[in-house]
Amino acid sequence: MSDYLELSDLGKSYETPGGGASIVVKDFNLKVKRGEFVSLIGHSGCGKSTVLSMVAGLNPQTSGGIILAGKEVVGPGPDRGVVFQSPCLLPWMTAYHNVALGVDQVFYTASKEERRQIVEYYLSVVGLEESMHKRPSELSQGMRQRVGIARAFALAPKMLLLDEPFGMLDTLTRYELQQVLLSLWGRDQRTALLVTHDVDEAIFLSDRVVMMTDGPEAEVGDIMEVPFTRPRSRKEIMASPLYDRLRAHLIEFLEVHAHKKGREKAKGCVPKHPLPENNESHSPLTLQLK
């Protein structure tokens, strides 16, 4: 597989009220091969979503370049299907018409019947065959997210960009939709970039997991290969000793950077009151990544 997405020395900074600049992401370099599923993971505020929004063309980079399928990314476009944490559906439209809105614009040369078939196919694949004519207010949060997934895939984009798409869902619904996503993705293996704070989700879905250092000036800290074959069974993966080693590596990276961030914040600061002698330590599994 050849490189399909190239992020070269990507950087994003914002002007501060004092006239300086706050650097969120600096010298971010990443190459993603065609058909690869890559996750970005890191602590809250490290710049994961900032990187994704720059690839989506929704947030122009301050420095560096983005090349997708041999062309420079200079703004948003239908060649990138985006699924957000909240699907942002138009409340006055049904699930069908929320998906059809994009399909009609992208496939405007297709017949009305062909466009109808596209919309109905993807809504059926995500399990909404009986609910496609309901408005968002009549759908559960999980069902609304299914509409968002169907909308992204229906555009036949060159790349899928997923910004914590299951972050607002309960565990059972999240597991179910992860499987829906993998089933859809497995049909044509579109190149995918996922932002997540969930270690288990990153391992289950991805071919590689990119670990980001904490900001400011966040960059790629480490990249971990996930060697499990596809299609994947969650039960089989979680029973594998390799799964435990991959998970431990991710958690160790995140824990080290959490401690590093804490030390930097505390540098030069003297607490007004002494810490309690029986200060409890916390397991890496209790780290709050979001």
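The values are calculated or read from the model by the stated rules, or taken from the named source; none is laboratory data. Every value quoted in this text rests on a predicted model; they were computed, and no experiment measured them. Heads up, the Cβs are rebuilt from the backbone with ideal geometry, glycines too, and the neighbour counts pull from every protein chain shown.
Of all residues in the stretch 185-195, those being crowded, with 24+ Cβ neighbours inside 10 Å and modelled with pLDDT under 95 number 0. Residues of the stretch 25-59 that are of a type in the set (A, V, I, L, M, F, W, C), assigned to a strand (DSSP E or B) and closer than 19 Å to PRO157 by Cα: VAL32, PHE37, VAL38.
Against the condition within 17 Å of the chain's Cα centre (by Cα), in a loop (DSSP other than H, G, I, E, B) and surrounded by fewer than 24 Cβ atoms within 10 Å (Cβ to Cβ), how does PRO157 come out, does it pass? In short, yes. Look at (1) surrounded by 15 or more Cβ atoms within 10 Å (Cβ to Cβ); (2) outside the structural domain of LEU193 (by TED's automatic domain parsing); (3) modelled with pLDDT of 95 or more; (4) hydrophobic (A, V, I, L, M, F, W, C) and you find that VAL125 fails only one, number (3). Filtered by the rule that a residue be more than 28 Å from VAL32 (Cα to Cα) and not in a loop (DSSP other than H, G, I, E, B), the stretch 60-101 gives ALA95, TYR96, HIS97, ASN98, ALA100, LEU101. Consider the stretch 1-24 and keep the residues that are surrounded by 12 or more Cβ atoms within 10 Å (Cβ to Cβ) and polar (S, T, N, Q). The one that is farthest from GLN189 (Cα to Cα) is SER22.
Against the condition touching a residue at least 60 places away in the same chain (Cβ under 8 Å) and part of a helix (DSSP H, G or I), how does GLY167 come out, does it pass? No, not satisfied. Taking the stretch 222-248 as the range and being out of contact with any Gly (no Cβ under 8 Å at 6 or more places or on another chain), outside any helix (DSSP H, G or I) and touching a residue at least 12 places away in the same chain (Cβ under 8 Å) as the test, the residues that pass are ASP222, ILE223, MET224, GLU225, VAL226, PRO227, PHE228, ARG232, SER240.
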